[in-house]
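Each remark here refers to the structure printed beneath this line.
Please treat every number below as a calculation from the coordinates, not as lab data. Quantities reported herein were computed from a predicted structural model and do not represent experimental measurements. Methodologically, a virtual Cβ is constructed for each residue, glycine included, from the backbone with ideal geometry; neighbour enumeration extends over all protein chains shown.
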Amino acid sequence: MIFEAVVEVRLRAGIADPQGATIERALPALGFEGVDGVTVGKSIRFTVQADDESAATALVTDLCHRFLTNPVIEDSEISLTAVATSPN
Amino acid sequence: MSTNIAVIRFPGTNCEFDVLEVVQQLGAQAHIVFHDEPGLGNADAVVIAGGFAHGDYLRPGAIARFSPVMTAVSEFAASGGPVVGICNGFQVLTEAHLLPGALQKNAGLKFRCGPTDLRVESSDSVLTRAVATGDVLSIPINHFEGNYTCSAETLAELQSEDRVLFRYVNNPNGSVDDIAGICNQGRNVVGLMPHPERACHELLGSTDGVGLMQSLLDSASRS
């Protein structure tokens with residue numbers, strides 16, 4: 001099966017997020033009031049081939065842990081969507 | 001035979017020739033090792049020079065860590081060989097798990113570039129044996145992601161094992177505990193954000209880096 005994977009990488013709780021803080025500070029000057037808790041992360045998208053969803057999840061989880069995130073400062077959230085049952 | 005230093009160059013490294021120049025100025029030999037080489041040549045010590053390895057894509061050091069040469073660097077480090085990562089080299093060493101913690105974006109999102117006073121906190125390492133604890137050195141920094149961070153447990157370990165080698169006198173980037181440089185438990189792997197190779201000639205405004213580079217050469221000749 002082929003899955004579309006979206007990995008959202010965000011800073012772990014307690015790790016300073018200077019980008020989020022800077023954006024939040026700029027908002028009142030632009031007239032946006034009442035916006036709080038801005039954080040900045042990144043999203044990484046790709047497709048993955050695996051036998052089933054649990055195999056795909058295991059593969060992407062390993063990929064996140066070893067490469068896509070630095071576990072010292074970052075967490076990740078994985079979303080998978082099946083897009084085809086077999087490669088073309 | 002004179003001491004020989006391997007200077008690692010990834011695509012995007014830009015400080016390798018400054019290191020080469022200083023090593024030669026101090027009377028030793030140095031050669032560049034490209035990232036896709038499987039070995040280090042005949043090296044007595046390794047320097048991972050600064051720059052933007054692999055464009056710093058994903059995270060600084062994240063892709064460099066998987067370059068073929070890093071296997072040789074890890075083995076060299078495991079055998080007790082002196083390894084120093086400067087700036088981007090420090091980031092590579094943390095990503096490669098040769099040093100703990102991580103370097104994140106500077107507090108305030110400021111790119112910091114200029115001379116910085118560093119206090120030597122331990123003279124027990126391959127990069128500090130020729131300087132004294134308490135010395136204050138003027139060494140330039142040049143980084144956007146030099147804000148050292150680590151877990152509370154790691155910090156306690158670094159402190160209790162005397163592995164914080166340098167602290168900023170005036171913290172420029174938000175690093176925890178003012179940390180500018182650390183070493184591993186074996187004290188043969190050192191990472192620091194400031195650039196000692198840029199402070200080795202009067203024309204550059206400081207010669208305070210000479211003691212550090214000399215320490216590395218002394219360590220290399222003993223290894």
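See the values below:
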quantity: Residue pairs meeting the criteria (Cβ under 9 Å; at least 6 apart or on separate chains; first charged (D, E, K, R), in the stretch B:17-38; second assigned to a helix (DSSP H, G or I)); calculated: B:D18/B:E197; B:D18/B:R198; B:E21/B:E197; B:D36/B:V69; B:E37/B:V69; B:E37/B:A72
quantity: Members of the stretch B:130-155 found to be aromatic (F, W, Y) and crowded, with 23+ Cβ neighbours inside 10 Å, listed by number; calculated: B:Y148
quantity: Of all residues in the stretch B:175-223 being closer than 24 Å to B:A78 by Cα, assigned to a helix (DSSP H, G or I) and among the charged types (D, E, K, R), the one that is nearest to the chain's Cα centre (by Cα); calculated: B:D218
quantity: Selected residue [more than 25 Å from B:A152 (Cα to Cα) and out of contact with any Leu (no Cβ under 6 Å at 6 or more places or on another chain)] from B:A72, B:A107, B:A78, B:A102; calculated: B:A78
quantity: Pick from the stretch B:128-154, criterion in contact (Cβ under 8 Å) with a residue 40 or more places away in the chain and among the hydrophobic types (A, V, I, L, M, F, W, C), ranking: farthest from B:V176 (Cα to Cα); calculated: B:A130
quantity: Single residue of the stretch A:5-40 satisfying the filter (away from chain B (no Cβ under 14 Å) and either part of a strand (DSSP E or B) or of a type in the set (V, I, T) (or both)) that is surrounded by the most Cβ atoms within 10 Å (Cβ to Cβ); calculated: A:A5
quantity: Scope the stretch B:55-77; condition part of a helix (DSSP H, G or I) and within 14 Å of another protein chain (Cβ to nearest Cβ); matching residues; calculated: B:D56, B:A64, B:R65, B:F66, B:M70
quantity: Lone qualifier among B:G80, B:G114 - being part of a strand (DSSP E or B) and either out of contact with any strand residue (DSSP E or B) (no Cβ under 7 Å at 6 or more places or on another chain) or closer than 30 Å to A:I23 by Cα (or both); calculated: B:G114
quantity: The stretch B:152-191: number of residues that are over 24 Å from B:G50 (Cα atoms) and touching a helix residue (DSSP H, G or I) at 6+ places or on another chain (Cβ under 9 Å); calculated: 2
quantity: From the options B:L127, B:L158, residue that is of a type in the set (A, V, I, L, M), buried (at least 17 other Cβ atoms within 10 Å of the Cβ) and assigned to a helix (DSSP H, G or I); calculated: B:L158
quantity: Checklist (1) within 12 Å of chain B (Cβ to nearest Cβ); (2) touching a Gly at 6+ places or on another chain (Cβ under 6 Å) applied to A:P71, failing item; calculated: (2)
quantity: Sole residue being more than 26 Å from A:V40 (Cβ to Cβ) and either buried (at least 21 other Cβ atoms within 10 Å of the Cβ) or of a type in the set (G, A, S) (or both), chosen from B:D36, B:D117, B:D44; calculated: B:D44
quantity: Verdict on A:T61 being within 16 Å of the chain's Cα centre (by Cα), assigned to a helix (DSSP H, G or I) and either within 14 Å of chain B (Cβ to nearest Cβ) or touching a residue at least 12 places away in the same chain (Cβ under 8 Å) (or both); calculated: yes
